[in-house]
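The values are calculated or read from the model by the stated rules, or taken from the named source; none is laboratory data. Source: prediction; values computed, not measured. Here the Cβ positions follow ideal geometry from the backbone for every residue, glycine too, while neighbour counts run over all protein chains shown. In case anyone asks, the SASA skips ligands and DNA or RNA and just uses the protein heavy atoms, side chains included. Shrake-Rupley method; radii C 1.70, N 1.55, O 1.52, S 1.80 Å.
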There are 2 protein chains.
Amino acid sequence: MPTRGAYASGRARREAILRAASEAFAAHGYRGTSLAMIADRVGMSAPGLLHHFPTKEHLLIDLLALRQQRDAARVEALASEGGGRILDALLVLAAGNADSPGLVRLFTILAAESVDDDHPGHDWFVERYRRSRHFVAERLIEEQRVGMIRDDVDPQMIAAQVLAMFDGLQLQWLLEPGEVDMVAGLDDYLGGLRSQLAPPELPAGPEDE
Amino acid sequence: MPTRGAYASGRARREAILRAASEAFAAHGYRGTSLAMIADRVGMSAPGLLHHFPTKEHLLIDLLALRQQRDAARVEALASEGGGRILDALLVLAAGNADSPGLVRLFTILAAESVDDDHPGHDWFVERYRRSRHFVAERLIEEQRVGMIRDDVDPQMIAAQVLAMFDGLQLQWLLEPGEVDMVAGLDDYLGGLRSQLAPPELPAGPEDE
């Protein structure tokens, strides 16, 4: 049975490997990265790395799950704050992403690579988007229920659109950060969307922001 | 000097290679594809393929340029038709993309991979998005000039947003085509955007579509 010290050092080692894998995937894509490259970055032998993660796929899934848990917890907390709206929470998430381009780059490349059915991240990303759309749509349905937004809009479609704008602006920002301000772009889009979603009783329209 | 027949057969061979490369990149990503894999698909030896395309990068740039030329010509023609609006033209382009998921998959993966500065497609994609934003913005400025859309909106920002929505919906559609209808999603988004852009003189708002 490993001692407590051995456990802690194993955990630190796993975290160092995940960090190195994240950097390597961000620089070379998932498919362009070998386990040997990751082992090299973290100063281990390839068999030593295999002891912690038997395949590159294990590394990928762990990384994605970590990122998703962090983001989901953050959006959930933001959306639950008094009077919090889901669209505001997503804007805060985007502002946070603007400070970690490496992670956003990794996620953007992996999500795109995974559209191929054979990619080991495919099922994970299908499920991730399904869950994210569902999460946003459920919040919008709740906002409809309490009269914060109008009834005659399709929460599922809006959820897909909001996530799409998020991803698409991130891509342009990653390509040319000095040219495209993804947070300002998303903020402006969400402002227009909020006007469209405002219930008919309230004043609504582009002038009323 | 090659005969006319030799020229024609060389051209046919180049086209066959480009087609095979397009399929291989769509299936394995740019980085996951080797020249040997492409040569194999097209039934050539690797040295035979190198005669036509000295590096994988040459293939990539040719493929991207072909795609871009086709799309730009199409959007230009649509936007120039009597009273045509740029947003309508983009919707027609999206409807066309829905019929060629292989090409869209290729483009989506390559665009995301190219956010890495070292990717051979990086400069091409930076320039491609810059040019696309400029093209859409110029059309919107023209529509502002003739009073079709309101003056107090930022054409550059709207251009970035429209392209972002386009890309983001394509990604979700590629992951789960049965679940996300990218054309309906884009159509709905553009409908809302048109209402927001309508000049104040004209009736505007979600009910007036």
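When the stretch A:27-45 is filtered for residues that are at pLDDT 90 or above and aliphatic (A, V, I, L, M), the ones remaining, listed by number, are A:Leu35, A:Ala36, A:Met37, A:Ile38, A:Ala39, A:Val42, A:Met44. Restricting A:Gly178, A:Gly147, A:Gly205 to those that are modelled with pLDDT under 95, open to solvent by 10 Å² or more (accessible area, probe 1.4 Å) and facing another protein chain (nearest Cβ under 7 Å) reduces the list to A:Gly205.
Here A:Ala137 meets the list (1) farther than 20 Å from A:Ala160 by Cβ; (2) among the aliphatic types (A, V, I, L, M); (3) surrounded by 15 or more Cβ atoms within 10 Å (Cβ to Cβ); (4) without any contact (Cβ under 8 Å) to a residue 40 or more places away in the chain almost entirely, failing just condition (1).
When the residues of the stretch B:19-32 are filtered to those that are open to solvent by less than 30 Å² (accessible area, probe 1.4 Å), more than 9 Å from chain A (Cβ to nearest Cβ) and not aliphatic (A, V, I, L, M), the one that is farthest from A:Thr33 (Cα to Cα) is B:Ser22. In the set (1) open to solvent by less than 60 Å² (accessible area, probe 1.4 Å); (2) more than 7 Å from every other protein chain (Cβ to nearest Cβ); (3) under 27 Å from B:Ala65 (Cα atoms), the condition left unmet by B:Glu142 is number (1). Look at B:Leu59 and say whether it is among the aliphatic types (A, V, I, L, M), touching a Phe, Trp or Tyr at 6+ places or on another chain (Cβ under 9 Å) and in contact (Cβ under 8 Å) with a residue 60 or more places away in the chain. No. Quick one: is A:Leu66 hydrophobic (A, V, I, L, M, F, W, C), out of contact with any Phe, Trp or Tyr (no Cβ under 7 Å at 6 or more places or on another chain) and modelled with pLDDT under 90? Here the answer is yes, as A:Leu66 does meet what is asked.
Residues that are within 9 Å of chain A (Cβ to nearest Cβ), open to solvent by 10 Å² or more (accessible area, probe 1.4 Å), in contact with a helix residue (DSSP H, G or I) (Cβ under 7 Å, 6 or more places away or on another chain) and not charged (D, E, K, R) within the stretch B:104-133 comprise B:Thr108, B:Val126, listed in sequence order.
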